[in-house]
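These notes concern the structure reproduced below.
Where a number appears in this text, it was derived from the coordinates with a stated rule and is not lab data. Remember, predicted model here, so these are calculated numbers, not experimental data. Here Cβ is always computed from backbone atoms with ideal geometry, including for glycine, and neighbour counts include all displayed protein chains.
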Amino acid sequence: MLFTPLDLGNVHLKNRIMMAPMATDFAGDDGLLQSEHTVHYASRALGQAGLIMLESTAVSRQGRGVDTNLGIWNDEQAQSLADLNVLLHRLGAKTGIQLWHSGRKKENESAEEPALSASALPFEDLPRQALTEAGIARVADEFVRAARRARDAGFDVIEVHAAHGFLVNEFLSPLLNDRRDRYGGGAKNRYRFLGEIVGGIRRVWDRGLFVRVSAEEYHPHGNHVEDHVRYAQWMKRQGVDLVHCSSGGVTREAPPVYPGYQVPYAERIRREADISTAAVGLIETGRQAEEILRSGRADLIGIGRPLLRNPFWAVEAARSLKVELDAPRVYRPYWKAE
Ligand SMILES: Cc1cc2nc3c(=O)[nH]c(=O)nc-3n(C[C@H](O)[C@H](O)[C@H](O)COP(=O)(O)O)c2cc1C
């Protein structure tokens, strides 16, 4: 199944392998794509990943976490991303961009660019200020503007980064959201910010829409997978195509990790919310990915660090599963399974 196509909304993927979003730190202070990015992503496209999900990309200058984050808040950035998309498409991959705001975790804050946060809870002893309702509307609008630029740049998929304790996750999490207004309190209120972002994006975007979540926050009072089943039901109603199931990053608690440790979240959300999911996290081999797909535990497989080690991870996976890839002609004889 790993090398069978997947249709999500109106996006056709040639296989079930997604390069997971991974911050590269290749950009400069202007947030512009560099040739290092092009080599980095194109080599994984040549390596036959069906979907290349670009790293966390800031929707505003203020939304960056460090000075080397990629950005999509101006037209110059969008133009360089459009050029990258032409190349990745020519190599046979579909492309996604992870739209992101760092929120309370911003490391490069300054007087002109303070960190924004759901609540006034300090972050590692650093003071934080809660966004006003006007501020919330402004950031939601930045996500929508970024989506419009992503559309014009030719991306196939947008993934909203709502995981790992960044701004959108702050609103979702009972640990990080102590607001008393309509953006805080019960689950419906905590979902409101993400719901406004998703609704706004859906007005300008008719291609694939993913949301990445921390399906387990590893704290008794944090979100658990059952909370995310509910959020996923709401997402589905709003036209989200797939939930990308990560975990953690909300507290400093390090989760117990072992091969496939996050797969149960993808499995449960898929079954109980009846929505497509991506599994990610310590999925190291093609055979492991195949087990996850064949057992109906996820629809798409996110591969992160294994693709940093080996851009041709998919080729190795195909060889181990004895699948012949429809590869560029020059490689074909050498990529064959023995
Ligand atoms: C260098 C690096 C950068 C990462 N950057 C991001 C990111 O920008 N956005 C995100 O959602 N996750 C990010 N992650 C998490 C990965 O997407 C993935 O979930 C994690 O590495 C687990 O999958 P793996 O075991 O296949 O590596 C990053 C991981 C690594 C190793």
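Here is a yes/no grid of residues against (1) of a type in the set (F, W, Y); (2) surrounded by fewer than 20 Cβ atoms within 10 Å (Cβ to Cβ):
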| position | (1), (2) |
| --- | --- |
| E107 | no, yes |
| F123 | yes, yes |
| T132 | no, yes |
| F143 | yes, no |
| A153 | no, no |
| V157 | no, no |
| F171 | yes, no |
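Hey, among the residues in the stretch 191-238 that are touching a residue at least 24 places away in the same chain (Cβ under 8 Å) and of a type in the set (K, R), which one's surrounded by the most Cβ atoms within 10 Å (Cβ to Cβ)? Among residues in the stretch 191-238 that are touching a residue at least 24 places away in the same chain (Cβ under 8 Å) and of a type in the set (K, R), the one surrounded by the most Cβ atoms within 10 Å (Cβ to Cβ) is R212.
Please enumerate the residues belonging to the stretch 324-335 that are of a type in the set (F, W, Y) and either in a loop (DSSP other than H, G, I, E, B) or surrounded by 11 or more Cβ atoms within 10 Å (Cβ to Cβ) (or both). Y331, W335, listed by residue number. Looking only at the stretch 6-37, residues that are in contact (Cβ under 8 Å) with a residue 24 or more places away in the chain and over 21 Å from P306 (Cβ atoms) come to 12 in all.
Given the structure, is G260 within 17 Å of H219 (Cα to Cα), out of contact with any Asp or Glu (no Cβ under 7 Å at 6 or more places or on another chain) and within 12 Å of the ligand (Cβ to nearest atom)? Taking the combined requirement at face value, the residue does not satisfy it.
The set of residues in the stretch 247-257 being more than 11 Å from the ligand (Cβ to nearest atom), over 22 Å from F171 (Cβ atoms) and of a type in the set (A, V, I, L, M) consists of A254 alone.
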